[in-house]
Amino acid sequence: MHKVVEIRNLSPSTYVLRLERNGFTFQPGQCVNLGVKGSGVNREYSTYSGINELYLEFLIKEVKGGTVSTTLRKVEPGSEVELHGPYGSFVIEPQKIETSRFVFIGTGTGIAPFHSFVRSYPKLDYQIINGIRDTSEQHDHQDYDSSRLTCCVSRENWKGFNGRVTDYLKQIEIPLDKVYYLCGNQGMIYDAYDILRNAGVSGDQIFTEAFF
Ligand SMILES: Cc1cc2nc3c(=O)[nH]c(=O)nc-3n(C[C@H](O)[C@H](O)[C@H](O)COP(=O)(O)OP(=O)(O)OC[C@H]3O[C@@H](n4cnc5c(N)ncnc54)[C@H](O)[C@@H]3O)c2cc1C
């Protein structure tokens, strides 16, 4: 069991759930099953915090009408949540951490595992392409090196790229020597995968994690 330390609201829809770590170990990019204690309903959430941090954190979007994402937001600090795991293989192989160059493509809270990568591996050579609807969804963007972050905003006019991550990928020259991680909704993952493959990126250089 892990106690809730804090719920940090980032926007009307999104929050960071901070839990006591209690010695829990994981590889950045893995997920856990989380739920309110005794509710019997759990959902998967990717680790958001780094492996060397004191607490465990998760970046969660409250889905309208959703069961777990809405109830977790209401838990009081000090109360316990149920946590199982870690699970999954959306991780970086240790020998590649300091030798490969990475492109992380995530929509919405799909940026969560990349936050864990960046917090865990200070020497990582990465670019993040984050697809969001409006600028209120620039969650914790100060945690990334600004020269490594491209934000694609699809439903608000702003100073940066206007459109979806897939629109952005279609406009740039795709580097063929990088390793690609895609995370978020399935539609984006399918489309981005096709764009990368058609550009000549080998399938074994593309890793995916679908949230829904
Ligand atoms: C491997 C994995 C890792 C995940 N990591 C995260 C994470 O780090 N952060 C996070 O916020 N979610 C994450 N999810 C999604 C999460 O597990 C839940 O599906 C989500 O929180 C909705 O659960 P719920 O019980 O509130 O809604 P439910 O009662 O299950 O139903 C909500 C409906 O909304 C859809 N839905 C699910 N997620 C979204 C979304 N983000 N936006 C719009 N519709 C959605 C579902 O398909 C479902 O039809 C992850 C999913 C997987 C499979």
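The values are calculated or read from the model by the stated rules, or taken from the named source; none is laboratory data. Everything numeric here is computed off the predicted structure, so don't read it as measured data. Cβ: placed from backbone, ideal geometry, glycine included. Neighbour counts: every protein chain shown.
Checking R155, R197, R148, R119 one by one, the residue that is in contact with a strand residue (DSSP E or B) (Cβ under 6 Å, 6 or more places away or on another chain), modelled with pLDDT of 95 or more, among the basic types (K, R) and not assigned by TED's automatic domain parsing to the domain that holds V16 is R148 and no other.
Cβ-Cβ distances below 6 Å connect the following pairs, each with a first residue in region 190-212 that is in contact (Cβ under 8 Å) with a residue 24 or more places away in the chain and more than 21 Å from Q171 (Cβ to Cβ), a second residue that is outside any helix (DSSP H, G or I) and polar (S, T, N, Q), and a separation of six or more residues or different chains: F212/N185. Is it true that E20 is within 24 Å of R148 (Cα to Cα) and more than 12 Å from the ligand (Cβ to nearest atom)? Taking the combined requirement at face value, the residue does not satisfy it. Within region 151-186, being touching a Lys or Arg at 6+ places or on another chain (Cβ under 7 Å), part of a loop (DSSP other than H, G, I, E, B) and surrounded by 14 or more Cβ atoms within 10 Å (Cβ to Cβ) holds for S154, K178. Here N33, N9, N22, N42 are screened, and the one residue that is out of contact with any Asp or Glu (no Cβ under 8 Å at 6 or more places or on another chain) and either at negative phi or in the same structural domain as T109 (by TED's automatic domain parsing) (or both) is N9.
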